[in-house]
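Working notes, beginning with the structure itself.
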Amino acid sequence: MLPSFEDLFLFAVAFAVPCIVIFALMPGYMRMLTSRGRLANDVHKVGGVKVPTPAGPLLILAIVAGEAGIYLVAESSIPLAAIAVTLVAGGVGFYDDIRGLGGIVKPLLLCFAAVPLILLEMVHQSLYNAQLYFPLFGGTGTHYIIFAILIVAAMPVASNAFNMLDAFNGELSGFTVIATAALLIAIVFRAVSSSSFDYIRLAATLPLAAAALCFYFYNRYPSRIFDGDSGSLMFGALFATLAIMGGVEIAALVAAIPAVLNSYYILSSIRGFVEHKKMAARPTYLGEDGRLHASAAAGAPTTLVKMILTREPMRESDLVRGILMLAAFACILSVITSGMTWFV
């Protein structure tokens, strides 16, 4: 089913509002953070470069504004669910930015991001289908309790996967743009193949794409602002939420493979949830040649970046470019997965 003129107007609102918020407020917001001393060391730069942080609160505001615009036009519970998840996950991240949370406490708190999604589904019964759709094999049976448990588990898993990928200038923001593009394509494929699919699910995904894209402008190398945990955890939780509401969980999982693998490598090498500030050693270090090297120190966690740098040292900009190329390849695999799910 092709989108109507009203759908196109909704898409324009959903994408434009977050862009306006970020480009209008980000310069002043960065100055405010700097004046208040909210600065973090950019450890991958020579000379002790300090960068304002966190951008998360402004990113949350931009996405909430975009979703609110969708609600005002369409009056659906779908953007309300996106707003609720954004605020819960972003709130957990913001507290972590300001006060700090333990490695176990943070994922447990992120489980609560699933609560508004499940409660709204119980009330409206229109947010998501309690089944998974696999390529070639089609959908599973409907299991509300099992699916609710999967949603609860998905929030900390997705949030921490995105958070653990947030280590270099433009890495997470660029990855989120690419992964969300795959998510949009998956939802479009499902919409085109169905005569009853609601395009508001596509519109609800656009604020995340818009916020990540606009933030990349400020976060790319050399970064002028960091997102903090309030931004990275929110990006991950909202990405999972939109995949669930769009019914494209498998395609989203394929698109997020680089982040999922990276988090698996880290957790398996350090054997549990440990705050990055408390790790025994960093996985990489900046050499005198200005390039990043894989660390051989005892206790240094294994990461996707460390595995790449094992072959040869790289400059940060080249390293991030390689990560984003890997994300683009995962995006292509996700599109193939979507095509096999809805058209084969």
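Brief remarks on what is shown
- The set of residues from the stretch 309-344 being part of a helix (DSSP H, G or I), out of contact with any helix residue (DSSP H, G or I) (no Cβ under 6 Å at 6 or more places or on another chain) and β-branched (Val, Ile, Thr) comprises 310, 332, 336, 341.
- Test: residue 89 is touching a residue at least 24 places away in the same chain (Cβ under 8 Å), in contact with a Gly (Cβ under 8 Å, 6 or more places away or on another chain) and either closer than 27 Å to residue 40 by Cα or surrounded by 16 or more Cβ atoms within 10 Å (Cβ to Cβ) (or both): yes
- Being in contact (Cβ under 8 Å) with a residue 12 or more places away in the chain and over 26 Å from residue 230 (Cα atoms) is a property that residue 21 lacks.
- When residues of the stretch 264-275 are limited to those that are surrounded by fewer than 16 Cβ atoms within 10 Å (Cβ to Cβ) and in a helix (DSSP H, G or I), the one modelled with the highest pLDDT: 264
- Top-ranked residue in the stretch 1-13 [being surrounded by 15 or more Cβ atoms within 10 Å (Cβ to Cβ) and not hydrophobic (A, V, I, L, M, F, W, C); ranked as modelled with the lowest pLDDT]: 3
Quick grid of which residues meet (1) in contact with an Asp or Glu (Cβ under 9 Å, 6 or more places away or on another chain); (2) closer than 28 Å to residue 147 by Cα:
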residue	(1), (2)
162	no, yes
169	yes, no
177	no, yes
188	no, yes
193	no, yes
210	no, no
235	yes, yes
247	no, yes
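- Residues in the stretch 241-251 that are among the small types (Gly, Ala, Ser), over 16 Å from residue 113 (Cβ atoms) and assigned to a helix (DSSP H, G or I): 246, 251.
- Qualifying position, being under 24 Å from residue 245 (Cα atoms), out of contact with any Cys (no Cβ under 9 Å at 6 or more places or on another chain), modelled with pLDDT of 95 or more and surrounded by fewer than 17 Cβ atoms within 10 Å (Cβ to Cβ), among 65, 24, 16: 16
- Residue 120 among the aliphatic types (A, V, I, L, M), part of a loop (DSSP other than H, G, I, E, B) and within 21 Å of residue 205 (Cβ to Cβ): no
- Listed by first and then second residue, the pairs linking a residue in the stretch 170-185 that is in a helix (DSSP H, G or I) to a residue that is acidic (Asp, Glu) and modelled with pLDDT of 95 or more, with Cβ atoms under 9 Å apart and 6 or more places separating them unless they lie on different chains, are 172/227; 173/227.
The values are calculated or read from the model by the stated rules, or taken from the named source; none is laboratory data. Since we're looking at a predicted model, the values are computed, not measured. Here Cβ is always computed from backbone atoms with ideal geometry, including for glycine, and neighbour counts include all displayed protein chains.
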